[in-house]
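Everything below concerns the one structure shown next.
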Amino acid sequence: MIISEIENQIVAEFSLFEDWMDKYNYLIELGKSLPLIDEKYKTDQYIISGCQSKVWLHAAFKDGLVIFTADSDAIITKGIINLLIRAWSNHTPDEIISSNMDFVDQIGLKEHLSPTRSNGLTSMIKQMKLYALAFKAKMG
């Protein structure tokens, strides 16, 4: 599935909930199925700076695809990073770099987060794109 199809799927899922409390609860549920980072990557080197809570993000490059894993000490944040991983993991660096994550605005995520969480979301997206850029540079 291409990134825009996954994003459309996420928008459709969130549109099922009218109330933002239900959307928060859904984010918490999503956090429970997060592809967890290996414990050896839960170090300062993998922490995303700019996040209110601790978020560890690791990226691997296999068969031309970027594979993300993560963890966080906050349940809402786990759900947020899981959405980003769902959209971008198992895609090429070029697909990730050219994606604009429109679904984040379409589901109203940024406007319903505290300013520090919203900054953290921006930091997560930036870090994931940086990994994609690094893998693309390695490919030559």
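Label points 7 Å out from Cα along the Cβ direction at Asp105 and Ile67: separation in nm?
3.3
How large, in percent, is the carbon and sulfur part of the accessible surface of the chain at a probe radius of 1.4 Å? If you can, show how the numbers build up before the last one.
Numbers: 3870 of 7430 Å².
Here it works out to 52 percent.
So what does Glu29 come to for accessible area, using a 1.4 Å probe and Å² rounded to 10?
100
Going by Cα centres, the stretch 110-131 and the stretch 1-50 are how many Å apart?
If we compute the Cα centre of each part, the gap is 12 Å.
Tell me the label-point distance for the pair Asn90, Asp22, using the 7 Å Cα-to-Cβ offset, in nm and rounded to one decimal.
For the pair Asn90/Asp22, the computed spacing is 2.8 nm.
Taking 8 Å as the Cα distance limit and 6 or more residues as the minimum spacing, I'd like the relative contact order of the chain as a percentage. Write down the numbers at each step before the final one.
Values: 184 pairs, mean separation 38.9, N = 140.
That works out to 28 percent.
How much length would be gained if the chain were fully extended between Glu29 and Lys126, taking 0.36 nm per residue of separation minus their Cα-Cα distance, in nm to one decimal? Can you show the working numbers first?
Numbers: separation 97, 0.36 × 97 = 34.92 nm, distance 2.42 nm.
Full extension from Glu29 to Lys126 adds 32.5 nm.
When only the heavy atoms of the protein chains count and the probe is 1.4 Å, how do Phe14, Phe61 rank by accessible area, highest first?
On the way: Phe14 0, Phe61 75 Å².
Final ranking, largest accessible area leading: Phe61, Phe14.
How big is the Rg/Rh ratio for the stretch 1-110, C-alpha atoms only, Rh by Kirkwood, two decimals? Walk me through the intermediate numbers first.
Numbers: Rg = 13.9 Å, Rh = 14.5 Å.
Computed over Cα atoms, the ratio is 0.96.
To the nearest 10 square angstrom, what accessible area does Ile28 show with a 1.4 Å probe?
Surface open to solvent at Ile28 totals about 40 Å².
Which whole-Hz couplings ³J(HN,Hα) result when phi for each residue of the stretch 9-22 is put into the Karplus expression 6.51 cos²θ - 1.76 cosθ + 1.60, θ = phi - 60°, listed in order with x for Gly and Pro?
These are the phi-based 3J(HN,Hα) values: 5, 5, 4, 4, 4, 5, 6, 5, 9, 8, 9, 5, 5, 5 Hz.
Can you give the net charge of the other residues whose Cβ lies under 15 Å from the Cβ of Phe103, counting K and R as +1 and D and E as -1?
Details: positive: Lys23, Arg86, Lys110; negative: Glu5, Glu7, Glu13, Glu95, Asp102, Asp105, Glu111.
Summing Lys and Arg as +1 and Asp and Glu as -1 gives -4.
Given labels modelled 7 Å from the Cα in the Cβ direction, how far is it in nm from Lys54 to Lys40?
1.9
May I ask you to list the trypsin sites (Lys or Arg not before Pro) in the stretch 68-119 that are in a DSSP loop and have at most 13 other Cβ atoms within 10 Å of their Cβ? Mind showing how you got there, number by number?
Working: sites: Lys78, Arg86, Lys110, Arg117; in loops: none.
Passing sites in the stretch 68-119 do not exist.
Just add up the charged neighbours of Asn8: K/R +1, D/E -1, any other residue whose Cβ is under 13 Å from the Cβ of Asn8. Spell out each step's value before the answer.
Details: positive: Arg86; negative: Glu5, Glu7, Glu13, Asp102.
Neighbour charge sum, excluding Asn8 itself: -3.
How much solvent-accessible surface does Asp38 expose, in Å² to the nearest 10, with a 1.4 Å probe and all protein chains in place?
Roll a 1.4 Å probe over it and Asp38 shows about 80 Å².
With every protein chain left in place, what is the accessible area per residue of the chain in square angstrom, probe 1.4 Å? Working shown, then result.
Values: 7430 Å² over 140 residues.
Each residue of the chain exposes 53 Å² on average to a 1.4 Å probe.
Give me, ordered by chain and number, the residues 5 or more places off Phe17 or on other chains with an amide H under 5 Å from its own placed amide H.
none
Rounded to whole Hz and in sequence order, give me ³J(HN,Hα) for the stretch 127-140 from the Karplus expression 6.51 cos²θ - 1.76 cosθ + 1.60, θ = phi - 60°, writing x for Gly and Pro.
Values per residue, Gly and Pro as x: 5, 5, 5, 4, 4, 4, 4, 5, 5, 5, 5, 5, 5, x Hz.
The values are calculated or read from the model by the stated rules, or taken from the named source; none is laboratory data. Owing to the predicted nature of the structure, the values given are computational and were not obtained by experimental measurement. Neighbour counts are summed over all protein chains in view; Cβ atoms, including those assigned to glycine, are modelled from backbone coordinates with ideal geometry. When the accessible area is computed, the model is the full protein with side chains, heavy atoms only, and any ligands, DNA or RNA have been set aside. Shrake-Rupley method; radii C 1.70, N 1.55, O 1.52, S 1.80 Å.
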